[in-house]
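One structure is given here, and the rest of the page talks about it.
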Amino acid sequence: MKISIALATYNGVKHLNEQLGSFVNQSRLPDELIISDDLSSDKTFEIIKKFAEEAPFKVVYSQNKSNLGYAGNFNVALSKTTGDLILLSDQDDVWFNNKIETIEKVASKSTELLIVNDKMITDENLNTTGITSFKIISSKPKKYQKYLSGSFTSIKRELLDLCLPIPVEFGSHDGWIYHFASALDSKKVVNECLQYYRRHDSAIMKNKKSQNTENKSIKNNEIKYEKRMREYETVISEMAKKINNTDDEKKEKILSYIKKIIEIREFYVQRKNLIRKRRIWRIIPIIIFFLNGKYKNIKGARSAVHDILL
């Protein structure tokens, strides 16, 4: 099985060497490392070029002529991979030395097209918190979807070929891949920590500030719902284009998933219209929506309460 790593970089000079070093220390080396740099303004690209000269495996690297953003940059890296199994990587994680070996063994024995492993959450300096992603999932199951994406995801060639290219208008490469894996009901979870995952203080504070702002503003929530509606529209239209490239079994699964996404998108239209009303006029319709299962795919009771309290 040929194994590729797809790495997207941008101004990653602070932690990139540690991640690259963890690739070299793998018990099973990758067959190729594909790196796309999004026009970094620091010395990231110099680090990449130096590493490519010394690495004990093939390294293919390129730098975008303009900034493509996170999803666009990963799209470039993924499109250049040639492996049967592709491991996605962020620039500031650190892999345990058995990650590739473990994922390869799982992939060879499993028919699932997407594999996700657990990760140990650390601070910026790799001090462990004692918390793993799957521990968070077990306490907050509605966040499961969030943790089936990202740099702890590995995908087989069959799934990647179906996913590419990632639409420019879709915000995240991993979310896009997850939609296709969900449509095909083809996900495998490895209940083992295979890497460190840095949580940067600035990112945590920004996320909390963003959540607080969104929760307090109806207008901000309207914008958020509109963005989600556009993303669902993209999923619907792009998946419909892919159907003819699949066998009958996959075609049936994708059509069923498209139907589900259409229903979710229509509910976001209803949510957007609903939150414009005064709170007293929202309560009964929201309760009815909740009892009818409309909120089940979007964080359940939490989202219903959120819409009431806006």
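Where a number appears in this text, it was derived from the coordinates with a stated rule and is not lab data. This structure is a prediction, so every number in the text was calculated from the model and none was measured.
Odds and ends about this structure:
- Rounded Å value of the spacing that divides the Cα centres of segment 163-181 and segment 223-250: 10
- Listed residues R271, R28, R279, most fluctuating in the chain (Gaussian network, C-alpha, under 10 Å): R279
- On Cα atoms only, tilt of 248-275 relative to the major axis of the chain in degrees: 50
- For I243 and E192, the difference between the fully extended length at 0.36 nm per residue and the C-alpha to C-alpha distance is 14.9 nm.
- Highest-fluctuation residue, N292, N221, N127 considered, GNM on the chain with Cα pairs under 10 Å: N292
- Residues whose amide H falls under 5 Å from that of I131, counting only those 5 or more places apart or on a different chain, are I121, with hydrogens built in the peptide plane.
- On Cα atoms only, tilt of 44-54 relative to the major axis of the chain in degrees: 40
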